[in-house]
Amino acid sequence: MEYKNLLVEFSGQIAVVTINRADKLNALNIETIHELKEVFTSLQSNDEAAAIILTGSGEKAFAAGADISELNKLDVISGKKFSEDGQQVFSLIEVMEKPVIAAVNGFALGGGCELALACHIRVCSDNALFGQPEVGLGLIPGYGGTQRLARLINPGRAMEIILTGNMIDANEALRIGLVNHVYSQTELLPKAKEMANKIISRSRSAIRLAIKSVNAVSEMSLQEGLNYEASMFGLSCGNFDYKEGTSAFLEKRKPVFKDK
Ligand code: COA
């Protein structure tokens, strides 16, 4: 399928989705948000795609936020809907059953930072800059930033980032746990692919259940989460891959997983 604002390329079993509005620093206009919904919905059911990397085109930006020319036209009712529509798409990314890695290659501001937060894992280039500058526009983050940032990092740091609107650089993002690794610009995609390939060399049926279980942390109390983990663990024990993985270890051979 062709997209106006996205590029989708396959590198083996990894789908690389690139936000492709470099002249607008990959700002997320409504059309791009719709296309993200389409592409992630289609990749969810595409057996060719075992993992997804999300990045931005050019060397300057992952995504510099929601498109301010569209933000400028909202009112109380349409603003709420705007926020809910984006949140729905970002939640779809968060609950993908395949690993989604954000390869942040420059500015990740506002909706761009929130988009990275919705991915399962974040890595970035050394020129990356993160921030939630909405308060400088008289707005608050509306695509999940107040919730996901405060869950991912120390809530006090999240509050500071959101209230000051300050940008933080790649090393600071690494230090506070907003990203897992920082690479040079040229290394970023190869390293993200290396990580994706490592993940997809594991049991995919186990990966699916692990994503669900880790995602539960933001919705459940500890005891509820433990109960959920036990259910997911039980389900993994019903899979072919579990028999294969444990038998292969005992037989001192490499497992041959079947994704079931
Ligand atoms: N929405 C719409 N257009 C945007 C945009 C956004 N969020 N961010 C950048 N652009 C556009 C600029 O308007 C400019 O378009 P033009 O060439 O047609 O004038 C183009 O992208 C390049 O941006 P520019 O501002 O010239 O680049 P810069 O290197 O001087 O500054 C930023 C980079 C990221 C600091 C600056 O673009 C910026 O502050 N963007 C807005 C960030 C923001 O507030 N995001 C949150 C929105 S909720």
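Structural remarks
- Applying 1/(1 + (r/R0)^6) with r as the Cβ-Cβ distance of LEU92 and LYS260 and R0 = 22 angstrom yields a FRET efficiency of 0.40.
- For region 101-184, the alpha-carbon radius of gyration amounts to 0.95 times the rule-of-thumb value 2.2 N^0.38 Å expected for a compact globular protein.
- In this simple spin-label model, placing a label point 7 Å from the Cα along the Cα-to-Cβ direction at both ASN180 and GLU31 gives a separation of 3.4 nm.
- Accessible surface, region 96-158, averaged per residue in Å² (probe 1.4 Å): 29
- Using a Förster distance of 25 Å, the FRET efficiency for ARG202-GLU172 (Cβ separation, nearest 0.05): 0.20
- Once the chain from GLU251 to LYS212 is taken as fully extended at 0.36 nm per residue, the excess over their C-alpha distance is 11.1 nm.
- Among beta bridges that DSSP assigns inside region 1-108, antiparallel share in %, nearest 5: 35
- Computed lengthening from PHE240 to GLU160, 0.36 nm per intervening residue step minus Cα-Cα distance: 24.1 nm
- Farthest toward positive dipole pole in the chain [+1 Lys/Arg, -1 Asp/Glu at C-beta], among GLY156, VAL89, SER221: SER221
- Computed from Cα atoms, the angle from the helix 204-215 axis to the main principal axis of the chain rounds to 50 degrees.
- Mean projection area, nm², convex hull over Cα of region 204-250: 3.3
- In straight-distance terms, cross-link reach from LYS4 covers every one of the aspartates and glutamates whose alpha-carbon lies under 18 Å from its own, apart from those fewer than eight places away in the same chain; here that gives ASP23, GLU31, GLU35, GLU38, ASP67, GLU70.
- Most simply put, the chain has about 25% antiparallel DSSP beta bridges, counting only bridges with both residues inside it.
- Summarising the label geometry, the points placed 7 Å from Cα in the beta-carbon direction at VAL76 and LYS4 lie 3.2 nm from one another.
- Applying a DSSP loop filter and a limit of 14 other Cβ atoms within 10 Å to the GluC sites (Glu not before Pro) in region 1-109 leaves GLU2, GLU48, GLU59, GLU97.
- Principal-axis tilt of helix 76-94 within the chain, Cα atoms, nearest 10 degrees: 30
- Charges were assigned to the Cβ only: +1 to each Lys and Arg, -1 to each Asp and Glu. The resulting dipole of region 6-200 about its Cα centre is roughly 380 debye.
- Across the accessible surface of the chain, with the other protein chains kept in place and a 1.4 Å probe, carbon and sulfur atoms take up 56 percent.
- Ratio of Rg to Rh over the chain (Cα coordinates, Kirkwood Rh, two decimals): 0.99
The values are calculated or read from the model by the stated rules, or taken from the named source; none is laboratory data. Just so we're clear, the structure is a prediction, and the values are computed from it rather than from any experiment. Note that we place each Cβ from the backbone using ideal geometry, even for glycine, and neighbour counts take in every protein chain shown. The protein model used for the area step is the full one, side chains on, heavy atoms only, and it has no ligands, DNA or RNA in it. Shrake-Rupley method; radii C 1.70, N 1.55, O 1.52, S 1.80 Å.
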